[in-house]
Amino acid sequence: MSHSQDRIRLDSGCSDGGHSLPKGSDASRLRIAWLTDLHLDHVDMASWYALIERIAATQATHLVVTGDISEGDDVPFQLQRLATDTALPIWFVLGNHDFYQGSIARQREAIRSLCDADERLGFLTTSLPVWITNSVALIGEDGWGDGVVGDYDNSFVRLNDFLRIHDFREVPKTRWKRKLRQLGQESAARLQQKLASVVDSARHVVVATHVPPFSEACWYEGKTADANWAPFFVCGGVGDRLREFAIKHPTIQVTVLCGHSHHPGVAQIRDNLVVYTGEAIYGRPSLAGLLTMDVNGVQCKPWDERLQA
């Protein structure tokens, strides 16, 4: 576990493990800009500066990014550029594109090392929970389309992941399904540990992940994923752990932020479990939403460019 991850939190400077804000802090002033599927390797300078201006206009105090930042070796550069140009700390998870041209384990280790050296960056997948207040926790997990939901065997869908990520490219096609399930199970296990660690103190948990954890939260043009697309666009393992947690702890509100499908939507899975899926357009990075605090906890307002014009 990266020690620097434990230092990068909204209550920076606390020595109690981050379970309360520094004395005099006002949680109501916290504004967390949420971004997803930026694909910054497709972005020209004009679009880059437009993104920075949009973020500045929100008066955000922090950023949360739910994956697909760029590809491979470009991801560290883009994270540091984003932190520098916004002058904001960033919590993030990785998406499938972030692993292109490399292996999953090596990329995660490289990103963890980056965050050890740069306290502006927090990789939530390898991080302890971040306590926004003494009762609101932020946790994260990359997630993966794990082939559990839908009909993998009869689906016509095959992603570029299988050609561009070494973990798939270097094994026979017959082992792809097993690998997807392994990745989903590993994500679910890490998430379960983090959820268990916040039960005693949390009234509200914000979960940042890349892949929608339920088919009801995997949107495309206003509709949700069918049996062809769900195996690659839903992380069923993570969804199972979230649903179990929500059932077992009905007094804890769970808000999930995800991306991957590039189409927006909101899915109310249970009274205390809601999933926001962010919109993204290649070459035109923007905000997915804005998180603010009030007496009821975290409020998420999905971003709509049409309403900001």
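Only the coordinates and a few stated rules stand behind these numbers; no lab work does. If you're wondering where the values come from, they're calculated on a predicted model, not measured in any experiment. All Cβ positions, glycine included, derive from the backbone under ideal geometry; neighbour counts span all protein chains shown.
Which percentage, to the nearest 5, of the DSSP beta bridges contained in segment 200-309 is antiparallel?
55 percent
Springs join every pair of Cα atoms under 10 Å in this Gaussian network model of the chain, and among SER187, SER47, SER261 the largest mean-square fluctuation is at SER47. Answer with one residue from ILE90, PRO76, GLN107: the one whose Cα lies farthest towards the positive end of the charge dipole of segment 72-119, charges on Cβ with Lys, Arg +1 and Asp, Glu -1. Value computed over the given set: GLN107. Using the Cβ-Cβ distance between ALA189 and HIS249 with R0 = 22 Å, the FRET efficiency computed as 1/(1 + (r/R0)^6) comes to roughly 0.75. If you take the square roots of the eigenvalues of the alpha-carbon gyration tensor of segment 106-177 and sort them as a ≥ b ≥ c, do you get rounded (a/c under 1.5), prolate (a/b over b/c) or oblate? Oblate shape, in that a/c is at least 1.5 and b/c is the bigger or equal ratio. Once you mark the trypsin sites (Lys or Arg not before Pro) that are in a DSSP loop and have at most 12 other Cβ atoms within 10 Å, what is the longest gap between them in the chain? For trypsin sites (Lys or Arg not before Pro) (loop position, at most 12 other Cβ atoms within 10 Å), the longest site-free span of the chain is 159-309. Loop-located GluC sites (Glu not before Pro) across segment 129-200 with a Cβ neighbour count of 14 or fewer within 10 Å are GLU170, with loop assigned by DSSP. Mean-square fluctuations from a GNM of the chain, with a 10 angstrom spring cutoff on Cα atoms, peak among VAL136, VAL149, VAL199 at VAL199. Each helix, a run of at least 4 DSSP H residues, gives -39500 (n - 2.57); summed and divided by the residues of the chain, these come to -9000 deg cm²/dmol at 222 nm. Go ahead and set up a Gaussian network model of the chain, Cα springs under 10 Å, then flag whichever of ILE269, ILE32, ILE69 fluctuates most. Checking each option, the largest mean-square fluctuation is seen for ILE269.
Over the chain, what is the percentage of antiparallel beta bridges among all DSSP beta bridges, to the nearest 5? Roughly 40 percent of the DSSP beta bridges within the chain come out antiparallel.
Panel order for GLU109, GLU71, GLU53, by other beta carbons found within 10 Å of each beta carbon, from fewest to most: GLU53, GLU109, GLU71. Classify segment 169-273 from the C-alpha gyration tensor, please: rounded if a/c falls under 1.5, else prolate or oblate depending on whether a/b exceeds b/c. Oblate, since a/c reaches 1.5 and b/c is not below a/b. In terms of its C-alpha gyration tensor, segment 45-135 has an oblate overall shape, because the principal axis ratio a/c (a ≥ b ≥ c, square roots of the eigenvalues) is not below 1.5 and a/b does not outweigh b/c.
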